[in-house]
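Report on the following structure.
The values are calculated or read from the model by the stated rules, or taken from the named source; none is laboratory data. This is a predicted model, so every value here is computed, not measured. Protein only, heavy atoms only, side chains kept; ligands, DNA and RNA dropped before computing areas. Shrake-Rupley method; radii C 1.70, N 1.55, O 1.52, S 1.80 Å.
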Amino acid sequence: MGLGSDMYRQQILDHYKNPRNYGELEDADIEHVGENPMCGDTIKMFIQLDDDDAIEHVSFVGDGCAISQASASMLSGELRGRSLDEVEAMDRDDIVDMLGVELSPMRIKCAVLAEKVAQDGIAIHNGDVEVEETTTE
Ligand code: FES
């Protein structure tokens, strides 16, 4: 494992211990919760839109492992200023790039939970699907 990977690991731990944008967002336009059924860990995402439907604020609350919570914390910063279409087009590679570490298939489910919750929340907001609760399955 090289230095670069250590740096990313430290960054993940830092986001886990000091999560950014943690807390409920009052007046969120999009609010959605999801769970990783393998472990029961949860993340709820809150998204507030500006007048042009771009993302103005993102926050989250959750309970779970370092990867799932750090991923939600990092994503909350990454999504700010983006359009909903851009977020819907994201995939797991974007999350792996954001985290900067190699992950096993089990850990990938932890990593993408926040992204899936945000994407399903957006799809519900757009009227595309009816999802009650997102899971990583
Ligand atoms: Fe539950 Fe990671 S172990 S989301």
Length gain on complete extension for the stretch LYS17 to ASP52, per 0.36 nm per residue less the alpha carbon to alpha carbon distance? 9.2 nm
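Taking only protein heavy atoms into account and a 1.4 Å probe, give the accessible area per residue of the stretch 51-137 in Å². It would help to have the intermediate numbers written out before the result.
On the way: 4220 Å² over 87 residues.
Roughly 48 Å² per residue, with all protein chains present.
Just the number, please: carbon plus sulfur as a percent of the accessible area of the chain, 1.4 Å probe, no ligands or DNA/RNA counted.
Details: 3200 of 7370 Å².
That share works out to 43 percent.
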For the chain, what does -39500 (n - 2.57) per DSSP helix run (n ≥ 4), summed and divided by total residues, give at 222 nm, in deg cm²/dmol to the nearest 500? -14000 deg cm²/dmol
In the stretch 13-137, what percentage of the DSSP-assigned beta bridges are antiparallel, given to the nearest 5? 85
For the full complex of protein chains and a 1.4 angstrom probe, list THR136, THR42 by accessible area with the highest value first. THR42, THR136
Beyond 14 Å, what share of the Cα-Cα pairs of the stretch 66-137 is found? Please give it as a whole percent. 58
Accessible area (Å², 1.4 Å probe, nearest 10) - ARG80: 120
Find how many whole Å separate the alpha carbon centroid of the stretch 84-111 from the alpha carbon centroid of the stretch 1-40. 12
To the nearest whole percent, what portion of all C-alpha pairs in the chain is separated by more than 21 angstrom? 36
